[in-house]
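Only the coordinates and a few stated rules stand behind these numbers; no lab work does. Small disclaimer: the values here were computed from a predicted structure and weren't measured. Counting neighbours? That spans all protein chains shown, and the Cβs are built from the backbone with ideal geometry, glycine included.
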Amino acid sequence: MTLRLCGPRGFCAGVDRAIQIVVLALKKYGSPVYVRHEIVHNTYVVEGLKTLGAVFVEELSEIPQTSQPVIFSAHGVPKSVPTDAKNRNFVYLDATCPLVSKVHKQAVRHTRLGRHVLLIGHHGHPEVIGTMGQLSTDQVSLVETVEDVEKFDPIDRDKLGYVTQTTLSVDDTSNIIARLKYRFPSIAAPSAESICYATTNRQNAVKKAAVGADYFFVVGSPNSSNSMRLVEMATRTGAKNSMLVRDVDEIPWAKLDEAKIVGLSAGASAPEVLINEIVEKFQSKYELKLELAIAAIEDEEFMVMRNLRNIELDQSDMAFVNGSDNSGISSKVGGS
């Protein structure tokens, strides 16, 4: 069997930063540290942080009066949330991914230039809620599909701008943007690409690995938008069977005995330790040839906020996501 392992895969810089913020806050302030919404969309990560002392809530009203810090998730929050935190006298740390914050700024810039904002994204996703929450309801409209573009009837066709959710399918989004530009030729693009580099890189790696694959597995949680887009990409680019799995136990091992080529990737919020466990299980069950499908080398790193930078992380602090030796499967297959 050939196992094609995608690179890059798993954690992006924004996810890594958000998780580090929670761990560093626990080291600095002790337990509990409150986190509004899942810090990232991965059950394994959330459960691991709970064991360290993080308490997850959906709304600030669930938190008792406390001097302990409250952390906002990597997906971003409406601007009403920090205001609410201040009114409750909470100390808060904003773990919003810098690339999501960039989309917020792009949307606000459109409105300052007198434009109505069209946000391309998925209804109900926390990132979409956060981005729309930077503006008043009459300043922004959500479009999810090309059909939504056809239905949209603006007050002023010449005063429009668009931004996108960072974790969308590049191909699907390009179709929507093309239709927007066709219907509204003067629509303004964001000042920089909204879909983040990590989303694009992971999708490109899947495109390379999925061709001719009998099975393709994406490690991630069902509420992870970028993980679900990777499953769709694998199907679209040639994998006969594509599926999302949370961990090694969700691989349908009994169906794989006749498989010749299997692809494996992970969403941007899935830790490398889960990939390691799956690869090790493949190695124990099959005569295995490992291949890398590399689309890019990522070396981006986002710094945590200033008041946490004097706290040091050591290998054991992040072992729950990196594995006990912090080496990752990349050491076994020559890098990722």
Just add up the charged neighbours of ASP158: K/R +1, D/E -1, any other residue whose Cβ is under 15 Å from the Cβ of ASP158.
+3
Please list, short to long, the whole-number percent of alpha-carbon pairs of region 99-183 in consecutive 10 angstrom bins beginning at zero.
18, 56, 26
Which residues' amide hydrogens lie under 5 Å from the amide hydrogen of ILE71, considering only partners 5 or more residues apart or on another chain, with H built in the peptide plane?
TYR34, VAL35, ARG36, LEU93
Work out which trypsin sites (Lys or Arg not before Pro) in the chain are exposed loop sites (DSSP not H, G, I, E or B, at most 14 other Cβ within 10 Å) and give the longest gap free of them.
158-239
On a full-extension model of 0.36 nm per residue, what is the gain between GLU232 and VAL170, subtracting their alpha-carbon distance, rounded to one decimal in nm?
21.2 nm
Dividing the helical contributions, -39500 (n - 2.57) per DSSP H run of n ≥ 4, by the residues of the chain yields a 222 nm value, nearest 500 deg cm²/dmol, of -11000 deg cm²/dmol
Based on the Cβ-Cβ distance from ARG306 to ASP158, what FRET efficiency comes out when R0 is 45 Å, to the nearest 0.05?
0.60
Listed residues MET243, MET305, MET233; largest mean-square fluctuation, Gaussian network over the chain with Cα springs below 10 Å, found at MET305
Between PHE216 and residues 5 or more places away or on another chain, which pairs have amide H atoms under 5 Å apart, with H built 1.01 Å from N, and which residues are they?
ASN241, SER242, MET243, GLY263
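Please identify the DSSP H helices in the chain that span no less than 18 Å along the helix axis (Cα) and have a mean Kyte-Doolittle hydropathy of -0.5 or more. Please list the in-between numbers first.
Values: long enough: 13-29 (23 Å, 0.80); 98-112 (21 Å, -0.77); 170-183 (20 Å, -0.53); 197-210 (20 Å, -1.01); 272-285 (20 Å, -0.15).
Span-like helices in the chain: 13-29, 272-285.
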Scan around ALA293 for amide H atoms under 5 Å from its own, H built in the peptide plane at 1.01 Å from N, and keep only partners 5 or more places away or cross-chain.
LEU5, CYS6, GLY7
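In square nanometres, what is the average projected area of the Cα convex hull of region 13-96? Don't jump to the answer; show the numbers that get you there.
Working: hull surface 19.4 nm².
Taking a quarter of the hull surface, the average projection is 4.9 nm².
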Whole-angstrom gap from region 186-259 to region 79-146, using each part's C-alpha centre
26 Å
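Select from region 286-319 those GluC sites (Glu not before Pro) which occupy a DSSP coil region and have at most 15 other Cβ atoms within 10 Å, ordered by residue number. Before the final figure, lay out each step's value.
On the way: sites: GLU287, GLU291, GLU298, GLU300, GLU301, GLU312; in loops: GLU287, GLU298, GLU300, GLU301, GLU312.
Those that pass, being in a loop and sparsely packed, are GLU287, GLU300, GLU301, GLU312.
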Stokes-Einstein, Kirkwood over Cα pairs, region 139-272, 37 °C, 0.692 mPa s; D in µm²/s equals 200 µm²/s
Sites SER61 and TYR286, calculated FRET efficiency, Cβ-Cβ separation with R0 56 Å, nearest 0.05
0.65
Using the C-alpha atoms of region 1-141, what convex hull volume per residue, in cubic angstrom, is computed?
144 Å³
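Quick check: residue separation of SER186 and HIS122 times 0.36 nm, minus the Cα distance between them. What number comes out in nm? Don't jump to the answer; show the numbers that get you there.
Numbers: separation 64, 0.36 × 64 = 23.04 nm, distance 2.42 nm.
Full extension from SER186 to HIS122 adds 20.6 nm.
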Hey, which of these cross-link pairs are over 31 Å Cα-Cα: LYS50/LYS281; LYS79/LYS151; LYS27/LYS86; LYS27/LYS102; LYS159/LYS208; LYS86/LYS159?
LYS159/LYS208; LYS86/LYS159
Here D for the chain, in µm²/s, from Stokes-Einstein with a Kirkwood Rh over Cα pairs at 37 °C and 0.692 mPa s, works out to 156 µm²/s
Between ILE297 and ASN241, the two model label points (7 Å from Cα along the beta-carbon direction) sit apart by a distance in nm of 3.6 nm
